[in-house]
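Note sheet for the following structure.
The values are calculated or read from the model by the stated rules, or taken from the named source; none is laboratory data. Bear in mind that the values here come from a model prediction, so they are computed numbers and not experimental data. Ideal geometry is used to build each Cβ from the backbone, glycine not excepted, and the neighbour counts take in all protein chains shown.
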Amino acid sequence: MPRFPSSRFRRLRRTEALRRLVAETTLGTGDLVAPLFVKEGITDPVPITSMPGHAQHTLESVRKEVVEIAGLGIPAVILFGIPIEKDAVGTQADREDGIVQRALRELRAEVGGDLVLVADLCLDEYTDHGHCGVLAADGSVDNDATLARYRSIARAQAAAGADVVAPSGMMDGQVAAIRDALDGDAFTDTAILAYAAKFASAFYGPFRDAAECAPQFGDRSAYQMDPPNVDEAVREALLDVEEGADIVMVKPALPYLDVVRAVADATGAPVAAYNVSGEYSMLKAAAANAWLDETRAMLETLIAIKRAGADFIVTYFAKDAARTLQEG
Ligand code: PBG
């Protein structure tokens, strides 16, 4: 008798049911958050060429989209706004009638408490220079002047009905500033999903077309994280939790799965991962050429992000994945 029979591992891989029984990680529709773009001043949705299946929405089309998303059992959406008018300080970002605030009010009326409404909290879609904050005289982003703007945006989004605000600008102290502003206005129930470890990544390319927010000069390397760093990402996440973040996010996801794991282990907090626009577009492009099986590659990607330690995933595949999971 051989001591190590050749079927040592293979006997539990034999059938789909056996594989399901011993799966260490699961993916469900409850793990998905769908990003949505809503644009001011358009009468019809505008398809985003580099992100097949996604569009810049009107207030009306975003409402229909959200109803469909809720119907698929997806628990949350994250909203990005594109204003008509941009200026140096991003005036439209915190106006009561700003595009995201209007969308939040309409969507809340439509879905009630059935769907979590997350608002991305940043300035780059609203500034004419495309940076995530207000500029100092030397052209760098002024950290503390930007925090004052973020505080005001947080209050506007909470007042409009956001369940969660998601600061994505990578300013130091942004979580503490926003928590303080929310609590000071009695929005103590509004949660903060902090983009804690957001890297300066080439994978945001398609998003910048979708949200019309490419920096007009320079890049974001002076405030977003440098790709080689994982210990620093853990320190960022721990500090965000200390400052009052309810959920910490790592972004992008695929090239940073080690960071997802490190942040999950170190914080013990709910961890999100953002499967960003470039990760979506490259898979869609390969699938369109029949170089990859899209559904299998999508599911493998999403389960890998869960396996790395993410509790949920912000992904442009949310609807596709929910449909696939429903089918069986
Ligand atoms: C900034 C923001 C960006 C993304 C989400 N929030 C762009 C950037 O930092 O340049 C990227 C998301 C994606 O690529 O899917 N407000």
Modelled with pLDDT of 95 or more and at positive phi: does that describe ALA177? no
Which condition from (1) within 16 Å of the ligand (Cβ to nearest atom); (2) more than 16 Å from the chain's Cα centre (by Cα); (3) outside any loop (DSSP other than H, G, I, E, B); (4) touching a residue at least 60 places away in the same chain (Cβ under 8 Å) is the one that GLN92 breaks? (4)
May I ask you to say which residue of ASP183, ASP163 is away from the ligand (no atom under 16 Å from the Cβ) and more than 26 Å from ALA253 (Cα to Cα)? ASP183
Yes or no: ILE84 touching a residue at least 24 places away in the same chain (Cβ under 8 Å) and in contact with a strand residue (DSSP E or B) (Cβ under 6 Å, 6 or more places away or on another chain)? no
Given (1) under 17 Å from the mean Cα position of the chain (by Cα); (2) touching a residue at least 60 places away in the same chain (Cβ under 8 Å); (3) surrounded by 17 or more Cβ atoms within 10 Å (Cβ to Cβ), number of the condition ASP246 does not satisfy: (3)
For the range 201-319, please list each of the helices (runs of 4 or more DSSP H) lying entirely inside it that holds at least 2 residues being within 10 Å of the ligand (Cβ to nearest atom) and of a type outside the set (A, V, I, L, M, F, W, C). 205-210, 277-288
Which one of these is β-branched (Val, Ile, Thr), over 23 Å from ASP180 (Cα atoms), buried (at least 22 other Cβ atoms within 10 Å of the Cβ) and within 13 Å of the ligand (Cβ to nearest atom): THR146, THR127? THR127
Go through (1) free of Cβ contacts under 8 Å to residues at least 24 places away in the same chain; (2) in contact with a Ser or Thr (Cβ under 8 Å, 6 or more places away or on another chain) one by one and return the number of the condition ASP97 breaks. (2)
